[in-house]
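Enquirer: Quick one: the structure is below, and I'll ask about it shortly.
Any read-out appearing in this document is the output of simple, stated calculations on the displayed coordinates, not a laboratory observation. Since the model is a prediction, treat every value here as computed from it, not as a measurement. Note that each Cβ is placed from the backbone with ideal geometry, even for glycine, and that neighbours are counted across all protein chains shown.
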2 protein chains.
Amino acid sequence: MSEVVVVGSVAFDTIATPTGRHERMIGGSASYFSLAARLYVPVRLVGVVGSDFEPRHRKVFEDRRIDLSGLQVRDGKTFYWEGVYGEDLNDRTTVTTELNVFESFHPELPDAFRRSKAVFLANIDPVLQHEVLEQLDSPDLVALDTMNFWITHQKEDLLRVLRGVHLFLLNDAEARQLTGAPGILEAAEGIQMMGPTVVVIKRGEYGALARTEKGWFSIPAYPVGGAIDPTGCGDSFAGGMIGSLLRQGSLDESAIRTAMAHGTAMASFAVERFGLAGLEAVTEESVRQRVRALAEMTRFDPE
Amino acid sequence: MSEVVVVGSVAFDTIATPTGRHERMIGGSASYFSLAARLYVPVRLVGVVGSDFEPRHRKVFEDRRIDLSGLQVRDGKTFYWEGVYGEDLNDRTTVTTELNVFESFHPELPDAFRRSKAVFLANIDPVLQHEVLEQLDSPDLVALDTMNFWITHQKEDLLRVLRGVHLFLLNDAEARQLTGAPGILEAAEGIQMMGPTVVVIKRGEYGALARTEKGWFSIPAYPVGGAIDPTGCGDSFAGGMIGSLLRQGSLDESAIRTAMAHGTAMASFAVERFGLAGLEAVTEESVRQRVRALAEMTRFDPE
């Protein structure tokens, strides 16, 4: 069993949805990823926080075998994000984004992290993602996320990083934007040509679709009774998927499929509560139960 | 093996998509359904056409064991519809709807049809759907489709029909509209309370989701390389699904799941060519191949 390095944001989020409003919860892509992946393997977090990130905040990670020796602490404030979701949780409006200490962030991997065999490059500037790859000796699994902003403004940098990526996770709209293909199938195939061995298209309530070396794999979302807060679901998916891959010790087709089910289950726990609360409470057994339920709700006899 | 009665529209469609424009093709919900279901069971079509519906048009049905003795021929023109699809095939604009002889249509089942055990009430006025049910002796399978117009303008009539329905097929937006539920899961459960034993939510490129007596079943769309014309895909799905159910002679969970895979495969053939052309060419073996491919692309090991 190997450990995983994650590089991304650690933030304070204020989130309002039709069911409530919560202020200054711990958020950020690296936080969601870490809380999900830690159920499978030790996690090494690389990021930056300000002096307002208190011991009680660190404790959330430290209590869960998440190594914070790569978490820089800088004078100033931690990245702050405020968003509002509509009745349809796909409708999200950003109220405030304060980059704060994140604005001048450059990832620095502690020496002990450099020989890590797996890394998740969460949604940050592709130039920083590239800097991380240069600090790693020879990772066996490079996984990456991105967003529309980088596709629009730093496409060349993103394409350079993509050449060295094994697993690329992105959403429908990003896949279409990156390739210009109107259909998601053409888009996924086109992205595979850019480097990634496996392309996972995250489709929110519709589940996820993967283009692998063998072809297509599709899995629905786990049917959650009450979706509360979709913040961080994509990073939770990545944490469950990559954690499961490392636990399985394989990147073959069967491992990828099982891992996507774990990612799907993990995202369902994340969406059920505000902020990290869903992931803080999740157990290995509760994930396995949902993975089995997903297998049951997709199984059919073709004859 | 039983036969199925379908009541719906038979039309001439003019369709423009980014890949081309085709004028006055045979269309209508009953046509798509018939061409799909005929691969499984004999089909009895109930509808109305005008005097412009020529022998060569009838031949498309008669060559495929589709019984037209319930197809009324009236003085006047056949229902005519013209639509334009955008680059994103989900964007559809209706240019012209001429109801013509369909405007005064009342379904009349030939005596031989009244003892039929299965009926598909395609998307027509729920009052007419009710008239059909009154003419059937005691059907074992009543399946129904509808659209936003009837939900808005004749909800009470629709709710009356729904009480006697076993299988209700509708799309995401219709399900939300009918129940007022923001989430599709709550919507499907709410609709089940209105009468239907099985609720199938059609989600286009995202596949289909069923709420059955046992719980949830989800199946992705078959990955079609070139989607050309989505007209009639929902009715093709219904034809494949209901045909398969009747062929299996069962409405149990396993039969429903297999049948949804057949519906999914059938819709994929419909979308690949303009109008009915995809369904005219389809064979039992080609459907079975896609059903097996769907099983393969959704299978995973939960452990």
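Enquirer: For region B:283-303, give me the residue count where each residue is over 18 Å from B:Phe217 (Cβ atoms) and aromatic (Phe, Trp, Tyr).
Expert: 0
Enquirer: Moving on to the next point. Looking at (1) more than 19 Å from the chain's Cα centre (by Cα); (2) farther than 23 Å from B:Leu185 by Cα; (3) of a type outside the set (Phe, Trp, Tyr), find the lone condition where A:Ile191 falls short.
Expert: (1)
Enquirer: Collect the residues in region A:35-54 that are surrounded by 24 or more Cβ atoms within 10 Å (Cβ to Cβ) and of a type in the set (Val, Ile, Thr), keeping them in residue-number order.
Expert: Selection gives A:Val43, A:Val46, A:Val48, A:Val49.
Enquirer: Check off (1) touching a residue at least 24 places away in the same chain (Cβ under 8 Å); (2) on the phi > 0 side of the Ramachandran plot for B:Asp229 and give me the number that stays unchecked.
Expert: (2)
Enquirer: If we keep just the residues of region B:94-133 that are of a type in the set (S, T, N, Q) and outside any loop (DSSP other than H, G, I, E, B), which is nearest to B:Ala175 (Cα to Cα)?
Expert: Filtering region B:94-133 for residues that are of a type in the set (S, T, N, Q) and outside any loop (DSSP other than H, G, I, E, B), the one nearest to B:Ala175 (Cα to Cα) comes out as B:Gln129.
Enquirer: Next question. Looking only at region B:241-276, which residues are part of a loop (DSSP other than H, G, I, E, B) and surrounded by fewer than 23 Cβ atoms within 10 Å (Cβ to Cβ)?
Expert: B:Gly249, B:Ser250, B:Leu251, B:Asp252, B:Glu272, B:Arg273, B:Phe274, listed by residue number.
Enquirer: Let me ask you something else. Residue under question is B:Ala227, and the condition is that it be over 30 Å from A:Met241 (Cα atoms), facing another protein chain (nearest Cβ under 10 Å) and assigned to a loop (DSSP other than H, G, I, E, B); does it hold?
Expert: In short, yes.
So that you can scan it fast, the table gives a plain yes or no per residue for (1) touching a residue at least 40 places away in the same chain (Cβ under 8 Å); (2) more than 15 Å from the chain's Cα centre (by Cα); (3) in a strand (DSSP E or B):
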site	(1), (2), (3)
A:Arg21	no, yes, yes
A:Ser31	yes, no, no
A:Arg56	no, yes, no
A:Leu71	yes, yes, yes
A:Lys77	no, yes, no
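Residue by residue, here is whether (1) over 18 Å from B:Asp13 (Cα atoms); (2) not small (Gly, Ala, Ser) holds:
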residue: B:Gly27; (1), (2): no, no
residue: B:Ala30; (1), (2): no, no
residue: B:Val41; (1), (2): yes, yes
residue: B:Arg44; (1), (2): yes, yes
residue: B:Val48; (1), (2): no, yes
residue: B:Glu54; (1), (2): no, yes
residue: B:Ile66; (1), (2): yes, yes
residue: B:Arg74; (1), (2): yes, yes
residue: B:Thr78; (1), (2): no, yes
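Enquirer: Among the listed residues B:Glu285, B:Glu303, B:Glu280, which satisfies the condition of being within 14 Å of chain A (Cβ to nearest Cβ), in a helix (DSSP H, G or I) and surrounded by fewer than 22 Cβ atoms within 10 Å (Cβ to Cβ)?
Expert: From the options B:Glu285, B:Glu303, B:Glu280, the qualifying one is B:Glu285.
Enquirer: Could you give every pair whose Cβ atoms fall below 9 Å, whose first residue belongs to region A:203-221 and is within 24 Å of A:Glu272 (Cβ to Cβ) and more than 9 Å from chain B (Cβ to nearest Cβ), and whose second residue is charged (D, E, K, R) and part of a strand (DSSP E or B), counting only separations of at least 6 or pairs across chains?
Expert: A:Ala208/A:Lys202
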